[in-house]
Amino acid sequence: MPGKRATAGPLGLGLSGSWIDLEPLSEANAHELELLYDERDVLPSMGAGGRSRSSSTAPPMLLRSRRDGEAVGVVENHPLPGNVAVFVVHIARQRGLAGYGFEAAVLYISHLFDSGARLVTAEVLEFNREMNAILKKVGLVPQARLREHVYAGGRFWDVLVYSFDRAEWVRIIAPYRQRFGRG
């Protein structure tokens with residue numbers, strides 16, 4: 001039926017992957033999260049984002065390395081009307097953590113849908129190669145291009161807008177479910 005929301009059970013990926021655990025914001029990790037936010041604020045590739053302390057969809061979460069327990073990044077969302085969640089991920093650059101962003105995106109976006117998001121969007125600056133590559137890897141294409149929309153790094157940049165619903169996300173993650181031990 002057109003327009004009907006997918007109401008299947010939880011995607012069931014949980015908050016733990018092969019390389020990272022997602023850890024909701026708490027008093028215990030607030031300082032680590034602040035340090036990651038401070039780093040993110042000075043990176044032009046992160047655009048004009050804000051800090052999200054809470055969301056009606058899902059809280060911001062710290063990414064913690066399963067290998068050494070270090071805080072390696074943050075994921076969050078900014079809610080829009082109609083149960084739309086704007087997804088944001090930041091991985092600490094100095095750590096050389098290839099692959100963490102992909103795992104963080106899969107786990108957190110799945111959690112957003114399990115938490116009631118109707119749509120998830122990602123607004124990515126055109127020169128953010130890492131995030132654009134992750135989204136391309138899973139078969140997403142930008143739904144819109146906002147020309148010279150954000151001033152970062154001394155000039156205006158286009159913002160690529162990706163948007164998908166739960167049914168599309170279920171198709172996207174199907175090949176990766178076994179990797180997360182939940183196939």
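Annotations
- Picking from residues in region 17-53 that are assigned to a helix (DSSP H, G or I) and touching a Lys or Arg at 6+ places or on another chain (Cβ under 7 Å), the one that is modelled with the highest pLDDT is Tyr37.
- Residues being assigned to a helix (DSSP H, G or I), hydrophobic (A, V, I, L, M, F, W, C) and more than 18 Å from Ala174 (Cα to Cα) - total across region 121-145: 2
- Selection over region 145-173 of residues that are closer than 24 Å to Gly82 by Cα and either surrounded by 13 or more Cβ atoms within 10 Å (Cβ to Cβ) or in contact (Cβ under 8 Å) with a residue 40 or more places away in the chain (or both) gives a count of 16.
- Hey, Phe87 of a type outside the set (Val, Ile, Thr), under 29 Å from Asp68 (Cβ atoms) and not in a helix (DSSP H, G or I) or not: yes
- Residues that are in contact with an Asp or Glu (Cβ under 7 Å, 6 or more places away or on another chain) and either assigned to a helix (DSSP H, G or I) or among the charged types (D, E, K, R) (or both) within region 146-183 comprise Arg147, Glu148, Asp158, listed in sequence order.
- Candidates Val141, Val75, Val88, Val150 - the one that is touching a strand residue (DSSP E or B) at 6+ places or on another chain (Cβ under 6 Å), at pLDDT 85 or above and farther than 24 Å from His31 by Cα: Val150
- Which listed residue is under 19 Å from Gly17 (Cβ atoms), of a type in the set (Gly, Ala, Ser) and open to solvent by 20 Å² or more (accessible area, probe 1.4 Å), from Gly139, Gly69: Gly69
- Extreme residue, modelled with the highest pLDDT, among residues of region 112-128 that are buried (at least 21 other Cβ atoms within 10 Å of the Cβ) and of a type in the set (Gly, Ala, Ser): Ala117
- Any hit, region 96-111, residues being modelled with pLDDT of 85 or more and not in a helix (DSSP H, G or I): no
- Checked against (1) open to solvent by 30 Å² or more (accessible area, probe 1.4 Å); (2) over 13 Å from the mean Cα position of the chain (by Cα); (3) under 17 Å from Leu63 (Cβ atoms), Ile91 meets all criteria but (2).
The values are calculated or read from the model by the stated rules, or taken from the named source; none is laboratory data. Model, not experiment: these values are computed from the prediction. Positions of Cβ are backbone-derived with ideal geometry, glycine not excepted, and every protein chain shown enters the neighbour counts. For the accessible areas, the whole protein counts, side chains as well, though only heavy atoms, and no ligand, DNA or RNA atoms are used. Shrake-Rupley method; radii C 1.70, N 1.55, O 1.52, S 1.80 Å.
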